[in-house]
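The values are calculated or read from the model by the stated rules, or taken from the named source; none is laboratory data. Keep in mind that this is a model prediction, so the values were computed, not measured. FYI the Cβ positions are ideal-geometry reconstructions off the backbone, even for glycines, and counts take in every protein chain you see.
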Amino acid sequence: MKFRDWSLRDAVWSAKTNLKGTGVTISEFLIKSRHKIFLAARQRFGVTKCWTRDGSIMVLDPEGKRHRIATMSELSAIP
């Protein structure tokens, strides 16, 4: 689905955390290279520690620090 109104899109995206445990998921379209990085991050850190926001890939490391990932080398650099 493509939103015409950014405020509506942001409201839906913010509310998606309420779907946890329901079996319903909302995912963001990523270009092929970012999708590959996102899948690698999920495999390394787990589904609950990786997410996307406005096309950026975010990872929560074991110490609880957030990292914005754009390349595989940035992903590899996270302890």
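A few remarks follow.
- Listed by first and then second residue, the pairs linking a residue in segment 1-30 that is assigned to a loop (DSSP other than H, G, I, E, B) to a residue that is small (G, A, S) and at pLDDT below 80, with Cβ atoms under 7 Å apart and 6 or more places separating them unless they lie on different chains, form an empty list.
- For segment 7-36, a tally of residues being more than 16 Å from M58 (Cβ to Cβ), loosely packed, with under 11 Cβ neighbours inside 10 Å and of a type in the set (S, T, Y) returns 3.
- Of all residues making up segment 5-51, the number that are of a type in the set (K, R) and more than 13 Å from the chain's Cα centre (by Cα): 4
- Positions within segment 32-73 being assigned to a helix (DSSP H, G or I) and among the charged types (D, E, K, R), in sequence order: K32, R34, K36, R42, R44, K49
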